[in-house]
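Report on one structure; see the data block that follows.
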Amino acid sequence: MTEFVEGWTIVQTLGEGSYGEVKLLTNRNTGSAVAMKTIDLAKHPNVVKAVRKEIIIHKDLSHPNIIGYYGQRQNDTSVYIFLEYASGGELFDRIEPDVGMLPGEAQKFFQQLLSGVEYLHSRGIAHRDLKPENLLLDDSGNLKISDFGMATYFRLDGRERLLENRCGTLPYAAPEVLLNCYAYAAEPVDIWSCGIILVALLAGELPWDQPSNDCEEYKNWKSDKYMQVTPWSKLDTIALSLVRKILVPSPKDRYTIAKIRDHRWYNKRFSDNFTSCDVTDSARESKLCKSQPQDSCNMEITHDSMFDNGYSFSQPTQIDDLLISTQLLLSQPANANTNCVQRLVRRMTRFFVTVNVDQGAACLIEIIEKLGYSWKIFSAGVITISTLDRRKSPLTFKASILDMDGRTLMDFRLSKGCGLEFKRCFIAVRKELNAIIVKGQVSWSCVS
């Protein structure tokens, strides 16, 4: 661990982006934690203007469903942005591939998403890259919108402007964004993305690669030739009626947030309205659908001048939860709030195994090779795994193998790519390792 400023220690790297890293900082005296994004200006001087814009937008925001901005520092070579640490992880981690989640859970997250987006629009700001990977959860499981690298002002002093930059993530992008000759209204674009997220929450898959006439699934949606195929066959009548009002190709005919709030599904009382960490494995299994999955992943659209590969890291979306060992907890001062630190370990993509660390690594590598994935070891105890997802897009995730007081933990996190595709790979790996997994654990429970 390295001291960054007096009293604050860099504990671990949370994620890495094209222009720097996100690190976890903890206060030695209180146990408080913040996420610190570092941008290396010496290596990437062309992003100075983009980072400045992101800071201006983010510091203007204060809402329960938006990740908090704490401040920034800068020197000749780096910019440091300090953000709220979302200790509950990413929303995509709560979505079971090809299944989704229970409707009450989905409704809760969708309502919180709409609340945050409505606030952004009231401030004249469009996010333009809403997707589960950019939606984080706090310790109580409340949704937080993050990553404002593609956000922009569309309203200033009461005057609105149309937008022209083609940015976002293809499966979540509105159709008008893909039209090069088309200037688009800001608010309907974010609302469309919310509709796609709702489908992912309820069905565990995305409806299409992109909303264009080159995509057969999207053409079927526009011509009403979709009722018997997934994901639509997984949605009940009320949910589907709402989705049909949101995913309208014409922006002027698309539901507004006010109309969404009046819809029957949005206001329906579900029996499973509790936090997702309270959902039992048996409850999830009761929702299992036998429909065949469609392909899903994200494909990034480049932002005009901000991020050449569409990858931003204004918050730790590619999060590597801090794994606290007894030794680290015992190193805290007597007055440290260790309960705060312990809350940072929540994740669903991990499990204990019956073998030691070396044996666990050997077993994992054998399975990785069997599944056709490639792997490298850049640091002790961490295996970086790479493959192509079902859309032939790169997918990278990391497995940390740790000795936790004599028990061996395998902890998996997404590094780059689609969250749903990562979860599918995790399930495949977990299935192959079943013989050495400590029995009595369930795949989707919170471990803390």
For the stretch 184-260: rounded, prolate or oblate by the Cα gyration tensor [a/c cutoff 1.5]: oblate
Carbon and sulfur %, accessible surface of the stretch 35-168 computed with the full protein complex present, 1.4 Å: 46 percent
Links that overshoot a 27 Å alpha carbon limit, given the list Lys131/Lys219; Lys144/Lys259; Lys59/Lys144; Lys144/Lys268; Lys222/Lys416: Lys222/Lys416
Cα gyration tensor shape for the stretch 136-242, rounded if a/c is under 1.5, else prolate or oblate: oblate
Coil-residue trypsin sites (Lys or Arg not before Pro) of the stretch 352-437, DSSP, other Cβ within 10 Å capped at 10: Lys392
Accessible area (Å², per residue) of the stretch 128-243, counting only protein heavy atoms and a probe of 1.4 Å: 36 Å²
Alpha-carbon centroid distance for the pair the stretch 22-51 / the stretch 122-180, whole angstrom: 22 Å
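The values are calculated or read from the model by the stated rules, or taken from the named source; none is laboratory data. This structure is a prediction, so every number in the text was calculated from the model and none was measured. Cβ: placed from backbone, ideal geometry, glycine included. Neighbour counts: every protein chain shown. Note: areas computed on protein heavy atoms with side chains; ligands, DNA, RNA excluded. Shrake-Rupley method; radii C 1.70, N 1.55, O 1.52, S 1.80 Å.
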